[in-house]
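The structure appears below as structure tokens.
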Amino acid sequence: MHKSLFLEMSSLTETVSCLTSTALPASRTSADILFGILIITFAAVSVHCASPMRLTRVLVIAMDDAEKAYLQAIESGKADLHMLHAAEMISSLQMKVSTIREATLRNSLSYRTAFCAFLKGQTLSVLQCIREVREVETHIEILKEEQLRDNRHIGAGTATRTVSLRRRRS
């Protein structure tokens, strides 16, 4: 009788150990939980980074930087056909930025409309506008550097050449 009870207990222990070994181990479960948390965190960060409201703030800052670069170029005496083209581009981009900002602010009043705008590609249009603004700013910076180089070349005598080291804003 004791022997049969012992056999039943050992078979019960074997059955339980067999069931627990076929189920997910505890380390696998915590790894799955950690992986899930990482996926959710990645998704939240991605949505935040791609949100039109945040990107519109970046767009406005980029537009301000482009306008400052343009004004600095004008103040330094750079006024030619290239700067007139840059002025036209800045004016056009100001209207575009204003339109995008207005639409983003209107959409931000409701989560549903903000999500629909996101799905319709508003994020891509804001990113494209940021790229256009930065291109214009880079073009203006190139024109300013050309002006500086031309001024140095014209002002430098043949007998002495000086190298002017100045701190530039990035």
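Taken together, the values in this text are just the output of simple stated rules run on the coordinates, not laboratory data. Small disclaimer: the values here were computed from a predicted structure and weren't measured. Heads up, the Cβs are rebuilt from the backbone with ideal geometry, glycines too, and the neighbour counts pull from every protein chain shown.
Read phi for every residue in the range 108-123 and hand back ³J(HN,Hα) as whole Hz from Karplus 6.51 cos²θ - 1.76 cosθ + 1.60, θ = phi - 60°, with x for Gly and Pro.
Calculated HN-Hα couplings, in order: 6, 6, 9, 4, 5, 5, 5, 5, 4, 5, 4, 5, 7, x, 4, 4 Hz.
With a 10 Å Cβ neighbour count serving as the proxy for reagent exposure, in which order, fewest first, do Tyr111, Tyr70 appear? Spell out each step's value before the answer.
On the way: Tyr111 9, Tyr70 22.
The most exposed by this proxy come first: Tyr111, Tyr70.
Short version: ³J(HN,Hα) in whole Hz for each residue of the range 87-92, in order, from phi by Karplus 6.51 cos²θ - 1.76 cosθ + 1.60 (θ = phi - 60°), x for Gly and Pro, what are they?
Here the 3J(HN,Hα) series is 5, 5, 5, 4, 4, 5 Hz.
Please rank Thr113, Thr123, fewest neighbouring Cβ atoms within 10 Å first, as an exposure proxy.
On the way: Thr113 13, Thr123 18.
By the 10 Å Cβ count, ascending: Thr113, Thr123.
Please report Rg over Rh for the range 52-149, where both radii come from the alpha carbon positions and Rh follows the Kirkwood definition. Walk me through the intermediate numbers first.
On the way: Rg = 15.6 Å, Rh = 14.2 Å.
That ratio equals 1.09.
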